[in-house]
1. Within the stretch 308-318, is there a residue that is open to solvent by 40 Å² or more (accessible area, probe 1.4 Å), free of Cβ contacts under 8 Å to residues at least 24 places away in the same chain and farther than 30 Å from Pro183 by Cα?
2. When you check Arg226 against the structure, is it of a type outside the set (A, V, I, L, M, F, W, C) and on the phi > 0 side of the Ramachandran plot, yes or no?
3. Filter the stretch 9-32 down to residues that are open to solvent by 40 Å² or more (accessible area, probe 1.4 Å), in contact with a Lys or Arg (Cβ under 9 Å, 6 or more places away or on another chain) and modelled with pLDDT of 65 or more, then give me how many there are.
4. Collect the residues in the stretch 140-184 that are part of a strand (DSSP E or B) and of a type in the set (D, E, K, R), keeping them in residue-number order.
5. Out of all the residues in the stretch 288-338, which are in contact with a Pro (Cβ under 7 Å, 6 or more places away or on another chain) and farther than 15 Å from Asp262 by Cβ?
6. Pick out the one residue from Gly198, Gly173 that is closer than 23 Å to Leu57 by Cβ, of a type outside the set (A, V, I, L, M, F, W, C), more than 21 Å from the chain's Cα centre (by Cα) and open to solvent by 10 Å² or more (accessible area, probe 1.4 Å).
7. State which residue is modelled with the highest pLDDT when the search covers only the stretch 65-90 and only residues that are exposed (fewer than 13 other Cβ atoms within 10 Å of the Cβ) and farther than 15 Å from Gly104 by Cβ.
8. Could you check, for the stretch 288-307, whether at least one of its residues is over 25 Å from the mean Cα position of the chain (by Cα) and open to solvent by less than 30 Å² (accessible area, probe 1.4 Å)?
Amino acid sequence: MDRIIEPETHDEDESLDTTLRPRELKDYVGQDKVKENLGVLMAAAKKRGESIEHVLLYGSPGLGKTTLAHIIAREMNSNIRVTSGPALAKAGDLAAILTNLQEGDVLFIDEIHRLNKTIEEILYPAMEEFALDLIIGKGPSARTLRLDLPKFSIVGATTKVSLLSAPLRDRFGATYRLNFYEPEDIEQILRRSAKILGVRADDEALKAVAERSRRTPRIANRLLKRVRDVADVKGDGTITPAVTEAAWDMLDVDLYGLDEVDRRILETIIEKFGGGPVGVATLAAATAEETATIEDVYEPFLMQIGFLQRTPRGRVVTEHAYRHLKIDPPDDLQQRLL
């Protein structure tokens, strides 16, 4: 089952994201440094009458990379074509898209780190020289045909920038990292979303939603949607602190945005391994979760909020987590964290 507090996109999020997605840079909340630099980049390109440079956006899921790509296209008065790394399996897939682009179009490639090597090699001349090199025939009679492409811009998005090859990274003229949002930015996003959805909400209630959002807009909007359902069924449609409390009991989401799985991982380390250190493979066996799932899905946030620490000998639960779980920490905890 999909976790309500995971940052990855759910099927139900698609229509919600489209409805709540800001259309202009001025309406985009947070990421002030990125907005400032991106605004200058677009203004300069428009002043010169050129397409914007290729842009690479990276950061954790749910922070607004896709939204920024659509804003770039809209601000540049361009059409946007959307695809993803896994969708471009064959050279012909990319060639079909590139040859149908118009002057100034924006090509958005999500999960660009998942492009295969063959597709990357086709992209190099397309990004640098706006040319498409096709190989016609096989064996000794094979020859290369070069097609000129219109000037276009690629906006790439990735959650794992380290997996991009150096030659591909170097071909982006601008690279921006999206950071986790400040709580006040999340509250502002929630107020805007509530207004769009026609939901009445108290400021205190929206603050409670923001606190549990893991500083991620996608999670915040998803929680708002679920809390709205509770308000409609168990109240008069207004999101109040009492309604949010009822929602947290139903959704099993605590003050830090932890759900049952997060707490089970921490409690397993404490109860079965004395708080750690414990290796991730051992932890995976004890919790019936895959090693990669623990490393990629659960650990990053637990480490970000200071509940879990990686040491040379394994994972250790921190004093902050013990206090949250209302468990007394061991006397030698600080030594274990070294």
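The values are calculated or read from the model by the stated rules, or taken from the named source; none is laboratory data. Predicted model only: the values in this text are computed from it and were never measured. Here the Cβ is made from the backbone with ideal geometry for all residues, glycine too, and neighbour counts use every protein chain on show. Keep in mind that these areas ignore ligands, DNA and RNA; they rest on the heavy atoms of the full protein, side chains included. Shrake-Rupley method; radii C 1.70, N 1.55, O 1.52, S 1.80 Å.
1. So far as the stretch 308-318 goes, yes, one or more of its residues are open to solvent by 40 Å² or more (accessible area, probe 1.4 Å), free of Cβ contacts under 8 Å to residues at least 24 places away in the same chain and farther than 30 Å from Pro183 by Cα.
2. no
3. Of the stretch 9-32, the ones open to solvent by 40 Å² or more (accessible area, probe 1.4 Å) are 9, 11-12, 14-15, 18-19, 21, 23-24, 26-27, 32.
Checking the rest, the ones that are also in contact with a Lys or Arg (Cβ under 9 Å, 6 or more places away or on another chain) come to 9, 12, 23-24, 26-27.
Checking which are modelled with pLDDT of 65 or more leaves us with 23-24, 26-27.
Qualifying residue count for the region: 4.
4. Passing the criteria: Arg143, Arg146, Asp148, Arg177.
5. Across the stretch 288-338, the qualifying residues are Thr311, Arg313, Gly314, Val316, Glu319, Arg336.
6. That would be Gly173, the only listed residue that is closer than 23 Å to Leu57 by Cβ, of a type outside the set (A, V, I, L, M, F, W, C), more than 21 Å from the chain's Cα centre (by Cα) and open to solvent by 10 Å² or more (accessible area, probe 1.4 Å).
7. Per the stated criteria, the residue is Pro86.
8. Scanning the stretch 288-307, I find no residue that is over 25 Å from the mean Cα position of the chain (by Cα) and open to solvent by less than 30 Å² (accessible area, probe 1.4 Å), so the answer is no.
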